[in-house]
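Since every read-out is calculated from the coordinates, none of them should be taken as a lab result. Small disclaimer: the values here were computed from a predicted structure and weren't measured. Please note: Cβ atoms are built from the backbone with ideal geometry, for glycine as well, and neighbour counts cover all protein chains shown.
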Amino acid sequence: MAIDTSKLCKTFNKWAETYDDSIAMADWGFDHYHDGIIWLCNQIHKSRCTKVIDLGCGTGVFAGMLQRIAPSIEYIGIDISNKMLNIAKRKSPNSTFVQTDFRHLDRWKTYLDNEYNCAVVSSYSFHHINDKEKIYLINNIFTKSKRHDLLFFIVDYAFINNSERSLLLEEQIKLGNYHIKKEIETEYYADLSSLKSALSKNLDISFERNGVWDWRITVQRYQ
Ligand SMILES: C[S@@+](CC[C@H](N)C(=O)[O-])C[C@H]1O[C@@H](n2cnc3c(N)ncnc32)[C@H](O)[C@@H]1O
């Protein structure tokens, strides 16, 4: 099913002003949020990246944290929602922000230039694009970048496979958590096993759990 980008933009424009409060409440969906963002910062620090491209940067929680701990890193945040971006710009005024649909790599591939030690990151945004789009985008990012050491770090909701998805869905129905059931049924939480087998054979994907359905994912070329 094609994703309605104008609807997505409207949804996030409406949520922008209260988004950071939702995170602070650490309610369902955000219960492991800060661990995920801190993991991203640690990965960037460990890999000594000098440039980070953030897909679906939202209100710039990661951008703000990165600016505080590593102000010399060049940061580019990409998001479809102008209202989310306006808040991000306030948190990280020295960064570059681009309003576009990150699925269209041709609109931002210029930032993937070759002279930098670059990483692409994405936090809690990848489940807004379907599995086919995820595979296409990841493969294409690595094809377009000539840097052998390019890294892609993702934190997002996902399942190890479809059986796990069905099991967790059943569990939520039994518990009467119909809002969570709806999320699982309507969002594009990745099936990590299928994602792994569909990626280009020169790409190495690894994942570790951040929470029950919250994952830390790393994609890189085989060395
Ligand atoms: C749940 S928020 C996560 C924001 C931020 N990364 C964070 O960790 O707080 C998802 C963000 O992804 C953006 N987004 C979703 N799909 C997008 C797309 N195809 N292109 C650009 N931005 C997108 C939304 O506008 C929203 O700001």
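Tabulated results
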| item | result |
| --- | --- |
| Pick from the stretch 39-70, criterion in contact (Cβ under 8 Å) with a residue 40 or more places away in the chain and of a type in the set (S, T, N, Q), ranking: farthest from Leu8 (Cα to Cα) | Ser47 |
| Any hit, the stretch 71-78, residues being more than 10 Å from the ligand (Cβ to nearest atom) and touching a residue at least 60 places away in the same chain (Cβ under 8 Å) | no |
| When residues of the stretch 123-153 are limited to those that are β-branched (Val, Ile, Thr) and not in a loop (DSSP other than H, G, I, E, B), the one farthest from the ligand (Cβ to nearest atom) | Thr143 |
| Identity of the residue in the stretch 185-206, closer than 23 Å to Asp27 by Cα and within 17 Å of the chain's Cα centre (by Cα), that ends up surrounded by the fewest Cβ atoms within 10 Å (Cβ to Cβ) | Glu187 |
| Helices (runs of 4 or more DSSP H) wholly inside the stretch 19-95 containing at least 1 residues that are among the aromatic types (Phe, Trp, Tyr) | 33-46, 61-69 |
| Flag if Gly29 is within 11 Å of the ligand (Cβ to nearest atom), closer than 19 Å to Asn210 by Cβ and of a type outside the set (Asp, Glu) | yes |
| Extreme residue, surrounded by the most Cβ atoms within 10 Å (Cβ to Cβ), among residues of the stretch 102-122 that are within 10 Å of the ligand (Cβ to nearest atom), under 16 Å from the mean Cα position of the chain (by Cα) and over 12 Å from Asp54 (Cα atoms) | Arg103 |
